[in-house]
Amino acid sequence: MHNNSHIRPSFLFIFLIIIMALSNPAHAAGLSIKDILPGKGFAENWVIEEKVKLYDKDTLFDHINGEAELYFPYGFDAMATASYVNKQNPDLSIVADVYRMASVLDAFGIYSNYRKTNNLWVAIGAEGFVSSSQLMFYQDRYFVRLQISGATSLEKDIFLACARAISGNLPAGSGPPKELEILKIPALVQKSERYLAQSLLGYVFFRKGIIADAAAQDEKMQIFVIHEDTQAAARKTFDQYHSYLQAEGQGIQMTGNPACMQVIAVDPLYGGVLVEQSGRYIIGAVRIKNTSIAKQLIDELHRRISADAGR
Amino acid sequence: MDRRDFLKTTIVTGITLAIPGNASFLIKALEAAEKTDLVVAHGLTPAGITKAAIDGLGGIRAFISRGDIVVVKPNIGWDRLPEYAATTNPEVVSTVVALCYEAGAKQVKVFDHSVVDPRRCYKQSGISVAATAVGGIVSYIDDRKFRDVKLSGVALKSWPLYTEAIEADKFINIPIAKTHGLSTLTLGMKNLMGIMGSSRGRIHQRIDGSLVDIAMAIKPTLIILDAVRILTANGPQGGDLSDVKQLNIVVAGRDQVAVDAFGATLFALKGATLGYVVAGHKAGLGTMDLSKLRIKKINV
């Protein structure tokens with residue numbers, strides 16, 4: 001006779017894991033993007049029209065021709081869309097789009113292309129906003145866009161009901177991307193950060209990075225951070241910008257050592273700039289008028305990078 | 001009085017005396033003969049400024065003849081109400097359709113290759129109802145009606161184009177002015193993508209050259225740029241009223257490059273910043289140098 005005393009707890013454990021996964025599809029391996037959108041409706045009077053449609057990299061143009069290119073640098077992988085029609089007014093519907101991107105930073109990146117600092121924020125996903133005609137949020141590596149069709153306004157609570165139904169089917173995620181932490185200095189204009197997955201400031205050598213508005217002592221400027229994989233890569237990027245400034249810029253002042261270089265100059269597109277390479281990072285401020293204020297902000301960014309590296 | 005005004009006055013006076021009652025028509029014809037390149041009409045009603053813009057080019061009869069089969073090509077690409085400025089203003093479209101019939105057009109067809117569900121796009125844009133009300137023949141794109149057309153262009157050697165568009169006697173392009181994720185702005189030349197078949201996304205890889213190739217093949221009789229409302233951000237689909245700016249402007253012209261170059265200025269840009277405008281200018285499709293154009297501005 002076998003002794004099953006060790007086997008039973010193992011079976012029980014596996015059984016519990018399966019039940020947990022099934023009860024929350026977001027945690028199940030191989031989550032299908034199709035299943036993220038409510039299959040029938042999200043509220044009593046809002047029912048799905050036809051069925052969920054799926055798009056990939058080759059077909060996204062068919063759904064958002066002209067906007068699809070915006071999504072590709074952020075590692076767009078798949079998209080699901082459905083319309084939810086109001087039973088009492090069939091002309092009124094909500095179009096719900098869910099985009100799966102490469103990472104939470106990429107989901108934030110595409111989301112940040114749409115948000116404005118004066119949006120009305122809503123507690124949904126890692127962050128979300130609502131207007132009279134739209135609600136957008138991101139959660140984990142998913143970006144969700146809800147759009148009213150057939151009207152120019154809709155009650156916020158209806159948007160939120162739809163958003164919550166979708167959010168519940170997504171992986172919980174761990175909030176905003178950690179990469180945003182470096183820019184969180186007192187001068188940062190809240191909710192102004194944008195992650196650009198290619199050509200930050202329009203310069204191809206700044207392959208990708210985060211940019212935000214900053215305000216200090218009545219001075220407004222933009223601050224940015226680029227995270228390279230290695231110190232050598234960061235130095236190469238810095239050198240490319242320096243070369244560009246030498247060719248196109250003015251008033252170039254270069255200081256520093258191999259581990260930390262700094263340049264102050266007048267960029268032809270952005271006016272006064274202060275850019276520093278520090279380890280694997282490039283940090284900078286553009287559109288500056290008062291260099292000493294910009295230096296204070298760069299020092300604060302520098303300290304946050306050092307603190308981050310020390311963690 | 002300059003030479004042009006002297007000639008105009010002399011001819012109009014002479015002909016008016018000789019053929020009483022025809023002065024109005026002749027003045028219009030003469031204005032057209034003056035080769036106004038662009039007319040920019042500003043005013044309160046979309047219908048009023050659309051008509052004024054066309055009249056500034058000599059009137060609809062300068063473009064449409066009795067018995068013509070006309071295609072009017074607005075932007076009906078998105079499931080949006082007119083307030084969102086993602087689709088052409090329906091009143092601008094219906095005014096053009098009505099004017100074409102006034103000029104004796106036999107049929108005026110209205111269609112676009114919508115990006116999303118055409119049923120919703122045609123309805124929400126208001127274009128289906130507005131154009132139908134004035135006799136426009138509004139139809140959805142029928143995939144069987146695309147025909148491979150040899151283009152021999154820089155970027156495109158051939159492409160399936162919509163038969164009804166290429167076989168029409170006259171083709172009037174009526175885009176709306178708005179931002180675009182890839183081409184910065186979508187104006188007249190970009191609106192021609194609505195008669196393209198196959199996977200239109202493929203042309204985005206060489207969009208500037210491709211648009212010029214298509215524009216070379218189609219060459220609209222008239223371009224009416226709807227800037228009653230413009231979409232200043234998050235185009236082409238928009239969806240947020242805060243991105244919309246009311247300008248109450250309609251621009252009319254024959255030169256596709258010139259119309260688009262002027263359209264750029266509505267967004268505080270220069271035509272030279274748009275790749276397809278530059279490419280069109282270089283290819284001889286038209287001129288982007290606004291200083292060399294005769295631009296007539298009309299307040300209605």
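The values are calculated or read from the model by the stated rules, or taken from the named source; none is laboratory data. Nothing here was measured: the structure is a model prediction, and the numbers come from that model. Here Cβ is always computed from backbone atoms with ideal geometry, including for glycine, and neighbour counts include all displayed protein chains.
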Tally, over region B:274-299, of residues that are surrounded by 12 or more Cβ atoms within 10 Å (Cβ to Cβ) and either closer than 23 Å to B:Ser183 by Cβ or modelled with pLDDT under 95 (or both): 17
Unique residue being away from chain B (no Cβ under 14 Å), closer than 27 Å to A:Ser131 by Cα and modelled with pLDDT under 95 when the list is A:Gly168, A:Gly173: A:Gly173
Positions within region B:213-247 being surrounded by fewer than 21 Cβ atoms within 10 Å (Cβ to Cβ) and either among the basic types (Lys, Arg) or not assigned by TED's automatic domain parsing to the domain that holds B:Asp142 (or both), in sequence order: B:Lys219, B:Lys245
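Residue-wise test of (1) touching a residue at least 12 places away in the same chain (Cβ under 8 Å); (2) within 10 Å of chain A (Cβ to nearest Cβ); (3) among the aromatic types (Phe, Trp, Tyr); (4) in a helix (DSSP H, G or I).
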site: B:Gly153; (1), (2), (3), (4): yes, no, no, no
site: B:Ala165; (1), (2), (3), (4): yes, no, no, yes
site: B:Ile203; (1), (2), (3), (4): yes, yes, no, yes
site: B:Asp213; (1), (2), (3), (4): yes, no, no, yes
site: B:Ala217; (1), (2), (3), (4): yes, no, no, yes
site: B:Ala227; (1), (2), (3), (4): yes, no, no, no
Tally, over region A:113-147, of residues that are closer than 24 Å to A:Phe76 by Cβ and facing chain B (nearest Cβ under 9 Å): 8
Matching residues in region B:102-139 - criterion: being of a type in the set (Gly, Ala, Ser), in contact with a Phe, Trp or Tyr (Cβ under 9 Å, 6 or more places away or on another chain) and either under 18 Å from B:Asp169 (Cα atoms) or more than 14 Å from chain A (Cβ to nearest Cβ) (or both): B:Ala103, B:Gly135, B:Gly136, B:Ser139
Residue in region A:147-170 that is closer than 23 Å to A:Ala215 by Cα and in a loop (DSSP other than H, G, I, E, B) present: no
Test: residue in region A:92-110 that is without any contact (Cβ under 8 Å) to a residue 24 or more places away in the chain and either within 12 Å of chain B (Cβ to nearest Cβ) or in a loop (DSSP other than H, G, I, E, B) (or both): no
Region B:99-123 residues that are acidic (Asp, Glu), paired with ones that are assigned to a helix (DSSP H, G or I) (beta carbon under 7 Å, 6 or more apart): B:Glu102/B:Ile60; B:Asp112/B:Gly194
For B:Leu182: the one exception among (1) within 13 Å of chain A (Cβ to nearest Cβ); (2) at pLDDT 95 or above; (3) over 15 Å from B:Gly77 (Cα atoms): (2)
Of residues in region B:177-212 being buried (at least 24 other Cβ atoms within 10 Å of the Cβ) and among the charged types (D, E, K, R), the one farthest from B:Leu151 (Cα to Cα): B:Lys178
Selection status of A:Ile48, more than 10 Å from every other protein chain (Cβ to nearest Cβ) and under 18 Å from B:Gln237 (Cα atoms): no
Residue in region A:58-70 that is at pLDDT 95 or above and outside any strand (DSSP E or B) present: no
Selection count where residues are free of Cβ contacts under 8 Å to residues at least 24 places away in the same chain and away from chain B (no Cβ under 11 Å), scope region A:52-83: 1
1 or more residues at pLDDT below 65: qualifying helices (runs of 4 or more DSSP H) within region B:8-108: B:23-33
